[in-house]
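The values are calculated or read from the model by the stated rules, or taken from the named source; none is laboratory data. Note that the coordinates shown come from a computational prediction; the quantities given were computed from them, not determined experimentally. Counting neighbours? That spans all protein chains shown, and the Cβs are built from the backbone with ideal geometry, glycine included. For the accessible areas, the whole protein counts, side chains as well, though only heavy atoms, and no ligand, DNA or RNA atoms are used. Shrake-Rupley method; radii C 1.70, N 1.55, O 1.52, S 1.80 Å.
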Amino acid sequence: GTRIICDRKFLLECKNSPAARTPPCCLPQTPGVTSPAQSSLVKLEELKERNESEEAVPDQDQFEMDI
């Protein structure tokens with residue numbers, strides 16, 4: 001096999017190159033790959049709303065007793 005050897009100066013210069021940006025500007029927007037999936041965001045919002053509505057309901061006794 002062939003071994004590729006890079007010196008420190010070259011590697012430090014590579015981190016400033018436009019190709020090293022995250023994400024690159026020319027990528028297409030693909031939900032779930034290059035951008036967050038829309039369905040997961042909707043699910044997270046629904047869970048937050050459920051948690052808020054559960055907190056708004058006052059605690060009731062677990063069992064009701066008829067006296």
Among the residues in region 35-49, are any surrounded by 10 or more Cβ atoms within 10 Å (Cβ to Cβ), in a loop (DSSP other than H, G, I, E, B) and at pLDDT below 75? yes
Could you please tell me which pairs satisfy a Cβ distance under 9 Å, a separation of 6+ or placement on different chains, a first residue in region 3-22 that is open to solvent by less than 100 Å² (accessible area, probe 1.4 Å), and a second residue that is part of a loop (DSSP other than H, G, I, E, B) and modelled with pLDDT of 85 or more? Cys14/Cys6
